[in-house]
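The values are calculated or read from the model by the stated rules, or taken from the named source; none is laboratory data. Fair warning: this is a prediction, and the values are worked out from it, not measured in the lab. No Cβ is skipped: glycine too gets one built from the backbone with ideal geometry, and neighbour counts run over all protein chains shown.
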Amino acid sequence: MARIASSFTVKTLGITTLCTTLLIGITACVNDGTNKAEVDNANTLQASAAGSSNNSHYPRYSQERRGDLASQLKDLANHVDGHVKFGNGANMSSDDLLAEIYKSRPQLQTSFATFNIKIKVEDGHSAVLLCDAHRELLEDSGCTANVDANYWQQEVSQSCEFKLDLAMICQ
């Protein structure tokens with residue numbers, strides 16, 4: 001389970017809501033789906049649909065499951081990055097690289113058994129993409145501290161394609 005980095009209270013249309021930011025960079029708020037909210041300390045919080053646990057675009061996975069998958073994907077992305085930068089990962093096929101990592105981290109293989117995992121290696125950098133049968137869900141480079149792209153709340157795209165620019169992210 002992901003650890004909590006911070007919590008704050010939000011008032012929206014007179015309804016008080018607790019928002020939580022996890023260490024993996026996901027902020028979750030239970031609200032009425034509005035896009036603007038007022039924080040108790042008079043700061044303004046721009047709460048997009050992606051920050052809400054409303055999950056109207058893709059309700060297939062619970063908030064807890066999404067957090068667990070993001071944490072596990074970060075772990076996998078870090079291992080891929082380590083193999084690419086400090087091992088022979090840059091010269092391996094995606095399948096061989098995954099098999100190598102799964103030898104030492106079999107729980108990751110179990111966690112992702114029903115998902116499609118893609119690996120991209122580009123100029124010494126790597127990214128891992130998590131998709132289900134319908135679309136991309138999460139994308140992460142190994143060079144950053146947080147999961148780089150969370151696609152849960154975006155319109156369904158019916159694809160499983162990399163979107164991150166590794167040259168820009170991994171400068």
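Data for the structure
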| item | result |
| --- | --- |
| Hits in the range 112-171 (condition: acidic (Asp, Glu) and over 14 Å from the mean Cα position of the chain (by Cα)) | 122, 123, 155, 161, 165 |
| Extreme residue, nearest to residue 124 (Cα to Cα), among residues of the range 62-110 that are of a type in the set (Ser, Thr, Tyr) and part of a helix (DSSP H, G or I) | 94 |
| Residue within the range 128-150 that is of a type in the set (Val, Ile, Thr), outside any loop (DSSP other than H, G, I, E, B) and under 19 Å from residue 112 (Cβ atoms) present | yes |
| Residue ID - surrounded by the most Cβ atoms within 10 Å (Cβ to Cβ), chosen from residues in the range 157-167 that are among the small types (Gly, Ala, Ser) and at pLDDT below 85 | 157 |
| Test result for residue 82, in contact with a helix residue (DSSP H, G or I) (Cβ under 6 Å, 6 or more places away or on another chain), small (Gly, Ala, Ser) and either touching a residue at least 24 places away in the same chain (Cβ under 8 Å) or crowded, with 19+ Cβ neighbours inside 10 Å (or both) | no |
| Candidate set: the range 138-156, residues that are loosely packed, with under 13 Cβ neighbours inside 10 Å and over 18 Å from residue 79 (Cα atoms); chosen: the one modelled with the highest pLDDT | 155 |
| First in the range 130-143 and over 12 Å from residue 60 (Cα atoms) and touching a residue at least 60 places away in the same chain (Cβ under 8 Å), second anywhere and among the hydroxyl-bearing types (Ser, Thr, Tyr) and outside any loop (DSSP other than H, G, I, E, B), Cβ under 6 Å, 6 or more apart | 142/126 |
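Each row is one residue, and each column tells you yes or no for (1) of a type outside the set (D, E, K, R); (2) farther than 20 Å from residue 158 by Cβ; (3) surrounded by fewer than 18 Cβ atoms within 10 Å (Cβ to Cβ); (4) touching a strand residue (DSSP E or B) at 6+ places or on another chain (Cβ under 7 Å).
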residue	(1), (2), (3), (4)
91	yes, yes, yes, no
96	no, yes, yes, no
105	no, yes, yes, no
110	yes, yes, yes, no
116	yes, no, yes, yes
119	yes, yes, no, yes
123	no, yes, yes, no
